[in-house]
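Bear in mind these aren't lab numbers, they're just calculated from the coordinates by the rules spelled out. Just so it is clear, the model here is predicted, and its values are computed rather than measured. We place every Cβ from the backbone using ideal geometry, glycine too, and count neighbours over all the protein chains shown.
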Amino acid sequence: MRSIWKWVGLAGVAGVVAGGALVVRDQRKRQAYTPDQIRARLHQRLAESDSSSGPAATANNR
């Protein structure tokens, strides 16, 4: 019975380590952009959403 709990604990530790690695990788991706790049990308996404949505969608934004 102890052996089972040992493996369960080891699997839990491995899961925490893997989750931490994913968080660090995601953080590096976010920090790779400059504020100007983020601003430009947001403006681009806004322009795309405005051009793809019809007049009904802009009426809700008022």
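Numbers below:
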| item | result |
| --- | --- |
| The chain: angle of helix 35-52 to the longest principal axis, Cα-based, in degrees nearest 10 | 60 degrees |
| Principal-axis tilt of helix 2-31 within the chain, Cα atoms, nearest 10 degrees | 30 degrees |
| Residues Ser3 and Lys29, FRET efficiency given R0 of 35 Å [Cβ-Cβ distance, rounded to 0.05] | 0.30 |
| Computed E for Leu22/Gln44 - FRET, C-beta separation, R0 30 angstrom, nearest 0.05 | 0.65 |
| Equivalent ellipsoid semi-axes, the chain, via Cα gyration tensor eigenvalues times 5, rooted, Å | 46, 18, 7 |
| Positive-end residue of Ser51, Ile4, Ala18, charge dipole of the chain with Cβ unit charges | Ile4 |
| Mean residue ellipticity (222 nm) of the chain, computed from DSSP H runs ≥ 4 via -39,500 (n - 2.57), nearest 500 | -29500 deg cm²/dmol |
| Ser52 paired with Leu10, simple spin-label distance in nm, labels 7 Å along Cα-to-beta-carbon | 4.7 nm |
